[in-house]
1. Of all residues in the range B:89-113, which are buried (at least 19 other Cβ atoms within 10 Å of the Cβ), in contact (Cβ under 8 Å) with a residue 40 or more places away in the chain and within 26 Å of residue B:276 (Cβ to Cβ)?
2. Among the listed residues B:239, B:212, which satisfies the condition of being in contact with a strand residue (DSSP E or B) (Cβ under 8 Å, 6 or more places away or on another chain), in contact (Cβ under 8 Å) with a residue 60 or more places away in the chain, assigned by TED's automatic domain parsing to the domain that holds residue B:128 and crowded, with 16+ Cβ neighbours inside 10 Å?
3. Could you count how many residues in the range A:325-366 are under 22 Å from residue A:122 (Cβ atoms), in contact with a helix residue (DSSP H, G or I) (Cβ under 6 Å, 6 or more places away or on another chain) and surrounded by fewer than 19 Cβ atoms within 10 Å (Cβ to Cβ)?
4. Restricting attention to the range A:28-59, which residues are at the interface with chain B (Cβ under 7 Å from one of its Cβ atoms) and either assigned to a loop (DSSP other than H, G, I, E, B) or loosely packed, with under 15 Cβ neighbours inside 10 Å (or both)?
5. For the range B:28-41, check the following and say yes or no: at least one residue is over 25 Å from the mean Cα position of the chain (by Cα) and surrounded by 12 or more Cβ atoms within 10 Å (Cβ to Cβ).
6. Give me the strands (runs of 3 or more DSSP E) completely within the range A:204-300, filtered to those with at least 1 residues that are within 14 Å of another protein chain (Cβ to nearest Cβ), out of contact with any helix residue (DSSP H, G or I) (no Cβ under 7 Å at 6 or more places or on another chain) and modelled with pLDDT under 95, ordered by residue number.
7. Checking residue B:226 against (1) closer than 24 Å to residue B:303 by Cβ; (2) surrounded by 18 or more Cβ atoms within 10 Å (Cβ to Cβ), which test does it fail?
8. Which of the residues spanning the range A:62-95 are without any contact (Cβ under 8 Å) to a residue 60 or more places away in the chain, assigned to a helix (DSSP H, G or I) and more than 14 Å from chain B (Cβ to nearest Cβ)?
């Protein structure tokens with residue numbers, strides 16, 4: 001145990017790899033730790049790695065220099081989870097809802113913290129009911145920010161798709177500490193001085209203070225939601241020709257939805273056990289607006305059969321509809337959808353296209369249906 | 001001095017008889033079909049200094065350099081040295097005389113599709129495996145054709161070889177990541193073998209139908225499917241073109257690891273040595289097996305191979321092909 005540090009300028013530390021492991025051992029007494037991990041050979045293509053979130057025990061397991069393909073949302077909102085088990089005699093809820101358990105220390109980037117804020121809006125602040133499964137995990141979460149640095153995370157690799165500065169999510173708040181990967185170990189900044197209690201004795205005091213991205217590799221012009229609303233009313237936005245490009249470009253694979261830190265749609269279904277059809281479980285799984293069956297209705301009707309219409313729906317949600325309801329954009333500019341799309345569709349470029357249509361509508365009084 | 005050439009010797013030195021009596025043609029091997037671009041300059045230089053200034057790109061991904069006067073073979077062999085040093089020595093192939101040209105030509109160049117260095121479908125690095133096969137079988141005088149391909153698309157036409165090696169992905173599912181989108185099941189049904197079906201809104205793989213193409217990994221939007229990083233291969237054997245009975249190769253092994261593949265390839269030479277018809281200038285392996293019998297071949301090439309799962313060995317070979325010999329059919 002070390003004495004609590006004083007002012008903010010004295011909260012920087014250097015930890016060797018060995019002392020990082022000591023730090024993580026201390027954390028694990030109170031937390032389960034989730035961070036990007038590198039799964040060797042488990043990438044989409046053979047002999048490539050998968051970087052996604054997993055529970056870690058030691059420093060070596062963390063992959064802090066690469067952007068994870070999947071976002072940290074799966075720590076709070078797993079791809080598939082059982083909501084309850086049922087039998088003739090009643091319903092049994094998962095222990096998650098009953099037990100407090102350890103805290104969840106999640107290592108993530110500034111855009112991802114904004115992503116969790118968007119999930120909070122949907123699961124906790126969208127109507128009178130809070131989602132108990134999300135809330136049970138969320139109230140235990142503590143953020144550790146992975147620093148991207150002033151040049152964006154480009155200092156640490158292939159981060160060319162980021163546009164957090166354009167989306168205003170390059171700075172975060174609400175984190176307890178900040179980490180920067182170094183050649184041997186980490187630089188650490190204690191935003192919450194209480195976390196000094198976990199520091200190993202050999203942590204070296206430094207002047208380290210975190211910095212944030214100041215510029216996007218390709219800045220994106222984000223349209224004003226009010227202007228977008230007007231363009232919708234004046235019928236220039238939905239009728240814009242560029243949406244039709246996505247009819248043939250998009251293949252409706254849903255990767256943009258699954259990798260997105262803010263896509264929060266799900267569907268539920270019941271499974272009854274073969275040996276005893278009166279017992280079973282209800283599951284919920286991620287659903288995505290680009291995937292077939294998302295809009296299936298009783299009777300077989302489907303909205304948005306065309307993939308361009310799905311792209312438009314997603315775009316409107318990410319940079320317009322959500323904003324009208326919650327006062328901030330849903331998209332946080334992490335660029336994962338651009339990284340994951342097998343057809344090289346750029347959502348950032350799509351936002352730019354929307355801006356151009358909205359601008360043209362504003363300058364011509366809304367009559368320019370052919371704007372691209 | 002009169003031109004007095006030991007034909008069998010020059011053939012083993014990778015030269016060939018040509019339609020022009022005064023000229024020969026050199027076969028250049030490129031194991032795995034991939035080479036540093038600077039080596040094209042070596043090929044070019046040999047063609048321009050000793051040949052007729054042209055180069056033929058062979059179906060086996062080597063070069064043939066035509067128009068070389070017989071008298072210049074010794075000079076050409078010296079000029080070939082940089083190719084041996086760059087393409088063969090690093091693989092572990094040893095040479096008695098690096099200035100003596102190619103020490104063998106019977107076992108043909110090991111050809112390969114472009115593999116996972118470039119192609120998203122490939123389940124392994126085909127060029128690298130071709131190199132390890134080259135080290136195991138070169139030089140050898142028996143006529144054996146081997147090709148390796150990354151996936152069952154078989155772009156290298158492994159089915160037309162004595163031995164075709166096809167990458168297999170042992171896919172594994174993290175069921176907790178399956179969201180029931182059916183992308184893998186739809187793709188497998190339309191493009192592959194329909195090995196994936198949906199049960200309780202989750203994808204289930206039938207291992208008896210799965211051919212290990214790995215496409216479920218490619219299309220899964222959540223990463224629920226991934227490949228076992230260990231590499232497995234299907235070996236198809238005794239495919240051929242030719243004047244008697246062209247046929248597609250038939251599957252001999254499934255889920256073989258690299259050591260099994262290399263052992264079978266090494267073993268085939270003793271079988272050939274024991275059964276080849278020496279009255280012919282050369283005899284293709286498939287015809288030797290037709291005559292000596294499939295059980296004898298199977299036993300010979302599986303010497304020293306441990307038959308542990310997941311390896312599966314064919315009991316019979318089912319060839320599809322035809323015979324040119326009309327009298328077999330028309331009487």
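The values are calculated or read from the model by the stated rules, or taken from the named source; none is laboratory data. None of these values were measured; they are calculated from a predicted model. Note that we place each Cβ from the backbone using ideal geometry, even for glycine, and neighbour counts take in every protein chain shown.
1. Passing the criteria: B:93, B:101, B:102, B:103, B:105, B:108, B:109, B:110, B:111.
2. Numbers: B:212 fails: assigned by TED's automatic domain parsing to the domain that holds residue B:128.
Answer to the selection: B:239.
3. Summing the residues that are under 22 Å from residue A:122 (Cβ atoms), in contact with a helix residue (DSSP H, G or I) (Cβ under 6 Å, 6 or more places away or on another chain) and surrounded by fewer than 19 Cβ atoms within 10 Å (Cβ to Cβ) in the range A:325-366 gives 1.
4. The initial filter retains those residues of the range A:28-59 that are at the interface with chain B (Cβ under 7 Å from one of its Cβ atoms), namely A:40-42, A:44-47, A:50, A:52.
The answer is A:40, A:41, A:42, A:44, A:45, A:46, A:47.
5. No, the conditions are met nowhere in the range B:28-41.
6. Numbers: elements: A:204-206, A:266-273, A:276-286.
Answer list for the range A:204-300: A:266-273, A:276-286.
7. Every condition holds for residue B:226 apart from (1).
8. Once the filter is applied, which keeps residues that are without any contact (Cβ under 8 Å) to a residue 60 or more places away in the chain, assigned to a helix (DSSP H, G or I) and more than 14 Å from chain B (Cβ to nearest Cβ), the range A:62-95 yields only A:95.
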